[in-house]
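What follows draws every value from the coordinates through simple rules; no lab data is involved. All of these numbers come straight from a predicted model, not from anything done at the bench. No Cβ is skipped: glycine too gets one built from the backbone with ideal geometry, and neighbour counts run over all protein chains shown.
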Amino acid sequence: MSETPQIEVVVPEEELMAHIDKMAQTLAPRLTGEWTIVSILIGATPFTSDLMKALARRDIHPTLDVIWLESYRDARESSGRVVVRADLTRSVTDRGVLILDDVFDTGRTLAFARQHMLAKGAREVITCALTQKPWAPRGEDGVDYCAIEAPGRYLVGYGMDDAGKYRGLPYIGALD
């Protein structure tokens, strides 16, 4: 059995939930009409679940779908290539699409996902990441909404992993 590495808590659970509730408050006025939330598997799953609950408390009930995009596999750095491992199950034609991701880093995954949704007929696409790295693109190439400005460290927990491990931690931690 391998030893668990030292994981420093960067964003404790209570603070994480406060950030997500604030994000729901920010997004709520934007999500009028027909919207689909598209969660990027696997990392955005906990964020998606908690954000959907926070939106529901505000009487906002978008459709939920997922897309499995992969650019990291089990490495700590992006391969530079985005692969669709599993696509949407519902049509997004003429709907607004809110894409959720766990970490906004190089911007490749969200840029790919945005174009993919527009090609499928979405009327509008907005992006939202739980965390954003300091070097991530800003402005036109940036993420539309970000809950947490993350440190430039390797993050785990709350859906984020290291070779598949530590996704279930209830906080965001850093490995060095």
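Each Lys or Arg adds one and each Asp or Glu takes one away; over the other residues whose Cβ falls under 13 Å from the Cβ of residue 134, this sums to +1. Helix 45-56 and the longest principal axis of the C-alpha atoms of the chain enclose an angle of approximately 50°. When you filter the GluC sites (Glu not before Pro) in the range 49-158 for DSSP loop state and at most 12 other Cβ atoms inside 10 Å of their Cβ, you are left with 77. Each of 31, 147, 103 was scored by the projection of its Cα onto the charge dipole of the chain, and the greatest displacement toward the positive side belongs to 31; charges sit on the C-beta of Lys, Arg, Asp and Glu.
Note: relative contact order over the range 14-150, using C-alpha pairs below 8 Å and six or more positions apart, is 23 percent. Does the range 14-150 come out rounded, prolate or oblate, given a ≥ b ≥ c as the square roots of the eigenvalues of its C-alpha gyration tensor, rounded meaning a/c under 1.5 and, failing that, prolate meaning a/b above b/c? Taking the square roots of the gyration eigenvalues as a ≥ b ≥ c, the range 14-150 is oblate. The local environment of residue 153, defined by Cβ-Cβ distances under 10 Å, has a net charge of -1 under the rule Lys, Arg +1 and Asp, Glu -1.
Only Lys, Arg, Asp and Glu carry charge here, each on its Cβ (+1 for the first two, -1 for the last two); on that basis the range 14-150 has a dipole of about 280 debye about its Cα centre. Bridgeable lysines around residue 22 (alpha carbons under 22 Å apart, same-chain partners fewer than 8 residues away excluded): 53, 133.
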